[in-house]
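Take a look at the structure set out below.
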Amino acid sequence: MKMFGTNGVRGIANGYLSCELALQMGRSIGVVLGPRVAVATDTRVSSPMVRDALRAGLMSVGADVLDLGMVPTPALQHYVRSRTDVTGGVMITASHNPPEYNGIKCISGDGTECSKDEEARIEDLYETDIPTVPWDRIGHVSQVSGADEEYVESIVSKVDAGSIRRAGLTVCLDCANGASVNTTPMLMRRLGVRAITLNGNPQGEFPGHPSEPTEDNLAELKRMVLDTGADLGIAHDGDADRCVFVAGDGCYVSGDIALALLGRYMLRRNGGGEVVVTVATSKVVEDSAASAGGSVAYTAVGSPIVARRMMSDGGVFGGEENGGLIFADHQYCRDGAMGAARMLECIVSDGPLAMQMASLPRYRTVKLQVACPDDRKTEVTEGIAAAHIGENVNRTDGLRIDYEDGWVLLRPSGTEPKFRIYSESRDPETAERRASEFADEFAKALGGQ
Ligand code: MG
């Protein structure tokens, strides 16, 4: 049975995501990722319940549990990666999903998100009657404190903390009442940055605003940056693996722009190299990488895929346009607080964000969604691909066609019966026209069964 989506197992707590499910998942994970598994949670009301059931499952198959408490997902990943005797990790979180949801996300012994193979092994075992161990081999549980501080110290050691401190910056920080409520304020203090916090209460009503850190949902943060004259606005999602920004002029910085600016900065710092992004990423990243003497590699959508490509090819920096930022010199996973620290360093080095954004070429990106039954996705994609033979077609993920001045992408959703259509061009009218032409072509392919 397929249980893992793009970001672990998700569902409504005490609905699909029941204690029974968490207990059996714990047994299955204990066998695959044991014998020493670190466990952490976000701030959701249901997280302790899911954690306790999962912990019992782990121990019942003889796995020892290291309970890190409430910390961001990348802090758990950092803990697992830093210790050879810790063989895996589990994060209890539903990231940006609404408060009624929760989830189980698995981490490999090297601190990266579990591969599809490991997830498939966990799913297969879940279906079976997993043998438990005799009473004297039941796993132990230890409470571990300090994983959050260790993560913050690791970030401070990687950035130019002295320059950031001397710059005397002020930031507005929206933690969405999530897992970053302790770590990112702690990081700002360690970097000598004055932080004005918003939704920074772990007992607050998670997430404090509609949960996805999109421009509409961060209206309060944008206003606060303007009202306080802060240098930067920083927002995390619920488990703080992602980080999005607001410039000092109150403008929301899209994920594509953040990838372009941080990519350029990291390439300059590194003296060239490769930035890894997904096929759904704006060409502005490629333009800015080229200006710093670097190149861009494209992967299928999914941050573990980006991270693994960086590991195999030696990519310097990578990420997704939803605020997932991966820095090879820290760890191969989305790393929200590291993204915040690097952006501060980038501002100190290259100037205010609004000014940096003005230096980038402008693209118009149109995003549409079209319904399609799951069982017809392949046939529809192949039909459209056949009509474009001889053009600059890329089949890394769905169907992408590149033009001189932009690109279009038709990508099947992994979780819902729909496709996403992207169209980007320097000329806004061309972007709109290609999006609607592509949507028409899709409708024809779907209708002509
Ligand atoms: Mg997340």
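The values are calculated or read from the model by the stated rules, or taken from the named source; none is laboratory data. Nothing here was measured: the structure is a model prediction, and the numbers come from that model. Cβ coordinates were reconstructed from backbone atoms using ideal geometry, including for glycine residues, and neighbour counts include every protein chain displayed.
Descriptive notes on the structure:
- Residue among 9, 37, 86 that alone is of a type in the set (Val, Ile, Thr) and modelled with pLDDT under 95: 9
- Tabulated pairs, segment 1-17, first of a type in the set (D, E, K, R), second crowded, with 19+ Cβ neighbours inside 10 Å, C-beta under 7 angstrom, 6+ apart or interchain: 10/94; 10/97; 10/101; 10/103
- Taking the listed residues 93, 87, 43, the one that is farther than 19 Å from residue 333 by Cβ, among the hydroxyl-bearing types (Ser, Thr, Tyr) and touching a residue at least 40 places away in the same chain (Cβ under 8 Å) is 43, with no other qualifying.
- Here residue 413 meets each of (1) within 30 Å of residue 10 (Cα to Cα); (2) at pLDDT 95 or above; (3) of a type in the set (S, T, N, Q) with one exception, condition (2).
- Condition check for residue 281: within 22 Å of the chain's Cα centre (by Cα), more than 26 Å from residue 167 (Cβ to Cβ) and away from the ligand (no atom under 16 Å from the Cβ): yes
- Residue match in segment 152-171 (condition: in contact (Cβ under 8 Å) with a residue 24 or more places away in the chain, away from the ligand (no atom under 16 Å from the Cβ) and part of a strand (DSSP E or B)): yes
- Selection from segment 249-275 of residues that are within 12 Å of residue 289 (Cβ to Cβ), in a helix (DSSP H, G or I) and of a type outside the set (Lys, Arg): 259, 260, 261, 262, 263, 265, 266, 267, 270
- Here the condition is being within 23 Å of residue 167 (Cβ to Cβ), touching a residue at least 24 places away in the same chain (Cβ under 8 Å) and within 16 Å of the ligand (Cβ to nearest atom); of 244, 253, it holds for 244 alone.
- Residue match in segment 92-102 (condition: at negative phi, loosely packed, with under 15 Cβ neighbours inside 10 Å and away from the ligand (no atom under 15 Å from the Cβ)): no
- Residue within segment 342-358 that is farther than 15 Å from residue 268 by Cβ and within 16 Å of the ligand (Cβ to nearest atom) present: no
- Close contacts from segment 408-427, counting a first residue that is farther than 18 Å from residue 378 by Cα and a second that is in a loop (DSSP other than H, G, I, E, B) and of a type in the set (Ser, Thr, Tyr), with Cβ to Cβ under 7 Å and a gap of 6+ residues or different chains, come to 424/282; 424/363; 425/363; 426/363.
- Candidates are the residues of segment 188-228 that are under 30 Å from residue 163 (Cβ atoms) and assigned to a loop (DSSP other than H, G, I, E, B); the one that is nearest to the chain's Cα centre (by Cα) is 213.
- Within the set 56, 13, 40, the sole residue that is surrounded by fewer than 24 Cβ atoms within 10 Å (Cβ to Cβ) and in contact with an Asp or Glu (Cβ under 8 Å, 6 or more places away or on another chain) turns out to be 13.
- Test: residue in segment 104-122 that is modelled with pLDDT of 95 or more, under 29 Å from residue 205 (Cα atoms) and touching a Ser or Thr at 6+ places or on another chain (Cβ under 6 Å): no
- In summary, residue 322 fulfils each of the numbered conditions (1) of a type in the set (S, T, N, Q); (2) within 16 Å of the ligand (Cβ to nearest atom); (3) loosely packed, with under 13 Cβ neighbours inside 10 Å with the single exception of condition (3).
- Hits in segment 117-151 (condition: within 23 Å of residue 43 (Cα to Cα) and outside any helix (DSSP H, G or I)): 141, 142, 143, 144, 145, 146
- Test for residue 176: is it surrounded by fewer than 19 Cβ atoms within 10 Å (Cβ to Cβ) and not aromatic (Phe, Trp, Tyr): no
- Near pairs, Cβ below 7 angstrom, 6+ apart or cross-chain, from segment 429-442 (surrounded by fewer than 16 Cβ atoms within 10 Å (Cβ to Cβ)) to any residue that is among the hydroxyl-bearing types (Ser, Thr, Tyr): none
- Some residue of segment 295-313 being at pLDDT 95 or above, more than 16 Å from the ligand (Cβ to nearest atom) and farther than 21 Å from residue 115 by Cα: yes
- The set of residues in segment 112-122 that are more than 13 Å from residue 5 (Cα to Cα) and within 16 Å of the ligand (Cβ to nearest atom) contains only 112.
- Test for residue 199: is it surrounded by 19 or more Cβ atoms within 10 Å (Cβ to Cβ) and free of Cβ contacts under 8 Å to residues at least 24 places away in the same chain: no
- Taking segment 307-410 and the strands (runs of 3 or more DSSP E) fully enclosed by it, the elements with 1 or more residues that are under 30 Å from residue 158 (Cβ atoms) are at 317-319, 325-327.
- Residue list for segment 34-49, filter: within 16 Å of the ligand (Cβ to nearest atom) and assigned to a helix (DSSP H, G or I): 47
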